[in-house]
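Report on the following structure.
The values are calculated or read from the model by the stated rules, or taken from the named source; none is laboratory data. These numbers come from a predicted model, not from an experiment. Virtual Cβ from ideal backbone geometry, glycine too; neighbours counted across all protein chains shown. Protein only, heavy atoms only, side chains kept; ligands, DNA and RNA dropped before computing areas. Shrake-Rupley method; radii C 1.70, N 1.55, O 1.52, S 1.80 Å.
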Amino acid sequence: MLELSWFLLILLIPSFTLIYFIFSNTSKSFPPSSSTSKLPKSYPIIGSSFTLLANFNRHNQWAAEILSVCPTNTYVINLLGARVAITANPENVKHILKDHFSNYPKGEFLRNILSDFLGNGIFNTDGANWKFQRQISSHEFNTKSLRKFIEDVVKMELKDRLVPVLSMTAEKNTEIDLQDILQRFAFDNICQISFGYDPSYLSLSLEKSTEFAVAFEDATRISSERTGHMIHLVWRIKRFLNIGSEKRLRQATETIRESARKIVRQKKQELKDKSSSVLDGVEATDLLSRFVKDDNLDEDFVIDIVISFILAGQDTTSAALTWFFWLVSCNPQVEKEILKEITQTAQGEAGYDDVKDMVYIHASICESMRLYPPVPIDSKEAANDNILPDGTVVKKGMRVSYSSYAMGRMEKLWGLDCNEFKPERWLVKDNITGNLGFVAKDSYMYPVFQAGPRICLGKEMAFLQMKMIVVEVLRKFQVVPVANDFEPVFVSYLTSKMKGGFPVKIRKRTTDFSHFG
């Protein structure tokens, strides 16, 4: 039986490789609208695998095109005998994330794919384990912690690292990859606020000297690529043989876990030293301290938590800001309104109280994430048979996904101008004062931060961090894409990326903003 399985594998891998090559090249030869605007064809046994392979490098865009022509904005795709539902229907999203939350956990499928990287961290677990981690983590996102994050961490990182890097780039008139810069900045931020550890990934030299951060990028990319395999036996065999991308993933995760282990042990020693000198013990001052103080927690489990929070804190905010700065560079009127708000709200150095009340910048960031969500799609697995509000039948074990990327492009939800970047759609003017006010959208229509019981704990922290960065960068610099006709390509791993990075030049602004007042 084993010999037969290997024989079939040897036959299948070249066949699917050839099919992928043919269809991926076919998809590049014709305009996307000619091949993907209609519902995909489904064949016996293989289902719509051909179409999925043909759109392998643009699956978010393809999903948006498919869902937009479905009457209920939901489609069930057949893949090698498995059925997967994907939706952009807010009622379905509410059903999955809130009303029937217990019936739609992460499930074994995704947990198995991500377990080598994320282990049993909060983003790769369900049930009591998830509840415990969420309860402990929730203490880290109170007003006191948020203010400390902005005043002590983000402002320091801006002043000592990000602004100097951008200033040097402007003076030398060189180009930089802004996506890379923002990832470095976010990596340092999340490590400091959550673990009291400074990896110093962002520096004037911009050398990739932090082995931990580089390994983290590799592990994120390769783990995500596992989900793209039509035959998951392929990556499992590569892992068993320790070859190719799976070998690199093993090496990356070993580096990550060893680095995280050092952080955990250092924190334990730090708390031990402090508690020995204070009769009443020591108060937990960061997320990691709260977990390591619990002697009942296994060290590997704490390491899983560290890895999950770095993933959440680094990739999401840097992805959102990368697309934000590109959209602003293409919309000078929006940039003008942002500068106007900055001059009217923050006369001197901006702080926590200044940025939290900036409504136009808040609206601009929300609008950017509507079009380019940091996490473009999320999947659950049905624990039992169920029926979605639009009538879609879901069987036990079936995967159900909602596409935030597609939802941001639905005319039904956002109007005919849904593909335009318009921060004003989030604002309303007070008839008496004339001031603009922010109007939030329904979280099931805009599930960028998830919704229901698993809604992102760090939502407010993320907004404060992004707004602070926007204020300090745009008041001092203009971000200019290197190519005038630059058209970035949206790709996604565990989070979204700008394919090939975001090459820009930085220009210093004049200090006179009076014409924006």
What helices in the chain pass both tests, a Cα length along the helix axis of 15 Å or more and a mean Kyte hydropathy of -1.0 or higher, using whole DSSP H runs? 2-29, 107-118, 178-195, 211-227, 299-330, 332-345, 359-371, 459-474
Skipping prolines and chain starts, which residues have an amide H placed within reach, meaning under 5 Å, of the one on Phe477, given they are 5 or more residues away or on another chain? Arg509
Note the full-extension length gain between Ser203 and Lys272 as 0.36 nm times their separation in residues minus their Cα-Cα distance, in nm to one decimal. 21.7 nm
Between Asp417 and Glu254, take the C-beta separation as r, use R0 = 60 Å, and let me know the FRET efficiency to the nearest 0.05. 0.75
Extending each Cα 7 Å along its Cβ direction at Cys456 and Ser245, get the distance between those two points in nm, one decimal. 2.5
Gained length - Val69 relative to Ser115, 0.36 nm times residue gap less alpha-carbon distance: 13.0 nm
Enumerate the calculated ³J(HN,Hα) couplings along the range 428-439 in order (Karplus 6.51 cos²θ - 1.76 cosθ + 1.60, θ = phi - 60°), each rounded to whole Hz, writing x wherever the residue is Gly or Pro. 9, 8, 6, 5, 8, 8, x, 6, 7, x, 7, 10
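Per the 1.4 Å probe, what fraction of the accessible area of the chain, in percent, lies on carbon and sulfur atoms?
Carbon plus sulfur share of accessible area: 54 percent.
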With x for Gly and Pro, the residue-by-residue ³J(HN,Hα) of the range 289-297, computed from phi through the Karplus equation 6.51 cos²θ - 1.76 cosθ + 1.60 at θ = phi - 60° and given in whole Hz, is 4, 5, 7, 6, 6, 8, 5, 7, 8
Given Cβ charges of +1 for Lys and Arg and -1 for Asp and Glu, the option among Ala406, Thr433, Ala363 whose Cα lies farthest towards the positive end of the dipole of the range 353-453 is Ala406
Just need the relative contact order of the chain here, percent rounded to a whole number, with Cα pairs under 8 Å and 6+ apart. 22
Using a 1.4 angstrom probe on the protein heavy atoms only, line up Cys191, Cys330 by accessible area, largest first. Cys330, Cys191
Rolling a 1.4 Å sphere over the protein heavy atoms, what is the accessible area per residue of the range 88-171, to the nearest Å²? 43
How do His229, His139 rank by accessible surface area computed with a 1.4 Å probe, from largest to smallest? His139, His229
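Let me know the shape class of the range 444-511, please: from the alpha-carbon gyration tensor, a ≥ b ≥ c as square roots of the eigenvalues, rounded when a/c is under 1.5, otherwise prolate if a/b is greater than b/c, or oblate.
Judged from the Cα gyration tensor, the range 444-511 comes out oblate (a/c at least 1.5, b/c at or above a/b).
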Kindly report the accessible area of the range 200-250 per residue (heavy atoms of protein chains, probe 1.4 Å, no ligands, DNA or RNA), in Å². 49
SASA check, Asp300, accessible area w/ 1.4 Å probe, all protein chains in place, rounded to nearest 10 Å², comes out at 70
Which residue, chosen from Val264, Phe141, Ile122, occupies the Cα position most advanced towards the positive end of the dipole of the chain, where the dipole is computed from +1 (Lys, Arg) and -1 (Asp, Glu) charges on Cβ about the Cα centre? Ile122
Tell me which label goes with the value of Cα extents along the principal axes in Å computed from the coordinates here: [x] 70, 60, 47; [y] 71, 53, 50; [z] 76, 44, 36. [x]
How many Å² of accessible area per residue for the range 368-480, probe 1.4 Å? 41
Extension gain Lys395-Ile237, at 0.36 nm per residue separation less the Cα-Cα distance, in nm? 54.0 nm
Would you kindly derive the ³J(HN,Hα) couplings of the range 98-106 from the backbone phi angles with the Karplus curve 6.51 cos²θ - 1.76 cosθ + 1.60 (θ = phi - 60°), listing them in order in whole Hz, with x for Gly and Pro? 10, 4, 10, 3, 5, 8, 10, x, 4
What is the distance, in nm, between label points placed 7 Å from the Cα along the Cα-to-Cβ direction at Asp430 and at Lys159? 3.2
Just to be sure I understand the model, the point goes 7 Å from the Cα along the line to the Cβ. What's the resulting Lys508 to Asp385 distance in nm? 7.1
Using a 1.4 angstrom probe and counting only protein chains, how large is the accessible area of Glu487 in Å², to 10? 140
Please get the size of the charge dipole for the chain, origin at its Cα centre, with Cβ charges of +1 on Lys and Arg and -1 on Asp and Glu, quoted in debye to the nearest 20. 920
